[in-house]
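Below is one structure; the comments refer to it alone.
Each value in this text was obtained by applying a stated rule to the coordinates, not by laboratory testing. Model, not experiment: these values are computed from the prediction. Virtual Cβ from ideal backbone geometry, glycine too; neighbours counted across all protein chains shown.
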Amino acid sequence: MSASDSTSTPVDLAGQAESCQSVPRPHLLSAAHPSQGPYPPAAGGVAAGNPYTAGFGGAAAANPVVDLSTVPAHCGAPVQAGVVTYRACSNVLTGSTLAVLKAYHKASFTTYTVRLRDVNAMDFLGGVEQGWNKKYSAAQKIFGNSLQSRAVRMGIKTQRATLYFGGTLSEKKGTLETGHAFLDLIHQGRDDKNQAVFFTYVINLSGEWNFCHTGASFLRDMLSKHAMHANCAEVVRYAGEFHVTTHPGTGAPMLVVDNNSGTFAPDQTQLPRVAALFRHNFPDIAIDAWDREDPRLKAAIKACPTRS
């Protein structure tokens, strides 16, 4: 992991637009990605039998499982060449409050901002927008037009400013040159008691990936709400939770990203793009994407003592 600064340089691929077609990406099909599944390539590069190809010409299954074997090639969208950067803020005030209430065993609470590469490229989440869930009562109380909702939004924004910028015990900045460096940053997805943890996240329109621990505790869950990560933005690129598990075939760590957000209720058919985005940024680790209704995710939540 390096803390050196880097400037992103746009790469103009407009000249390739006319010849653009969906093709397999070699680095997404390597042995480093054993989670990508058995779907054979079909015409046009879309994985045949993949139940999560609705965004690429297929139909989504009622109970989908995401395992991409191919993704679209760049179709003339500008791509940012550069490194993944991060900022981690440990808030001692919030952490002490949580510790007093026995909701969190550490003396600080850490929030993370990671600037991923190419979020807004058309291959990945370019053009994808998830608005707030108007059918969700908790979201209605936040994003409504009433004076009460405005007061709630003000409180959430104040909370976010404290967690991401104010009252910090320490702040770390740097670059993530590999997926393993990212896993080190989040302590392999485990807490100081070596218990697995889940994180809530939001990817905002500018490409920032904001996240922190979540859990069963009321206070910790409130601090990790998606509206807080989004700073009350009504539209985001994507949102959900993620955790680190063990790949069943290799025993290696595997990052699992999902769409488990009631606030934004992200479209499940966009999960292939989410998976491709993270594989693009962290090509050296296994990555998968699960729908919030996936039995594997429900089992993982139930089995996690800090989450269920």
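Contour minus end-to-end for Val235 and Ala299, with contour as 0.36 nm per residue of separation and end-to-end as the Cα-Cα distance?
Numbers: separation 64, 0.36 × 64 = 23.04 nm, distance 2.97 nm.
Taking Val235 through Ala299 to full extension adds about 20.1 nm, to one decimal.
Within the stretch 228-308, report the GluC sites (Glu not before Pro) that DSSP leaves as loop and that have at most 16 other Cβ atoms within 10 Å. Display every interim value, and only then the final one.
Numbers: sites: Glu234, Glu241, Glu293; in loops: Glu234, Glu293.
Here the GluC sites (Glu not before Pro) that fit, given the DSSP loop and packing criteria, are Glu234, Glu293.
How much length would be gained if the chain were fully extended between Arg190 and Lys157, taking 0.36 nm per residue of separation minus their Cα-Cα distance, in nm to one decimal?
Details: separation 33, 0.36 × 33 = 11.88 nm, distance 2.78 nm.
Extra length from Arg190 to Lys157 when fully extended: 9.1 nm.
Return the subset of Lys193/Lys298; Lys173/Lys298; Lys141/Lys302; Lys135/Lys173 for which the Cα-Cα distance in this structure is over 32 Å, preserving the input order.
Beyond 32 Å between Cα atoms: Lys173/Lys298; Lys135/Lys173.
Compactness ratio of the stretch 120-205: Cα Rg over 2.2 N^0.38 Å, N = residue count? Each step should come with its number before you reach the end.
Values: Rg = 17.4 Å, N = 86, 2.2 N^0.38 = 12.0 Å.
So the Cα radius of gyration is 1.46 times the expected 2.2 N^0.38 Å.
Measure out, as a whole number of angstrom, how far apart the alpha-carbon centroids of the stretch 258-308 and the stretch 128-188 sit.
So the separation of the two Cα centres works out to 18 Å.
Whole number please: convex hull volume per residue, Cα atoms of the stretch 182-308, in Å³.
111 Å³
I need the chymotrypsin sites (Phe, Trp or Tyr not before Pro) found in the stretch 140-195, filtered to DSSP loop residues with at most 16 other beta carbons within 10 Å of theirs.
The qualifying sites are Phe165.
In the neighborhood of Asn145, defined by Cβ-to-Cβ distances under 13 Å, what is the net charge if each Lys or Arg adds +1 and each Asp or Glu adds -1?
Numbers: positive: Lys134, Lys141, Arg150, Arg153; negative: Glu234.
Residues close to Asn145 contribute a combined charge of +3.
In terms of modelled amide H atoms, which long-range or inter-chain residues lie less than 5 Å from the amide H of Thr214?
Long-range HN contacts for Thr214: Phe198, Phe199, Thr200.
Between His180 and Phe165, 0.36 nm times their residue separation minus their Cα-Cα distance comes to what?
Numbers: separation 15, 0.36 × 15 = 5.40 nm, distance 2.62 nm.
The span from His180 to Phe165 would gain 2.8 nm if fully extended.
Out of the trypsin sites (Lys or Arg not before Pro) in the stretch 111-194, which ones are loop residues according to DSSP with at most 13 other C-beta atoms within 10 Å?
Hits after loop and neighbour filter: Lys134, Lys135, Lys193.
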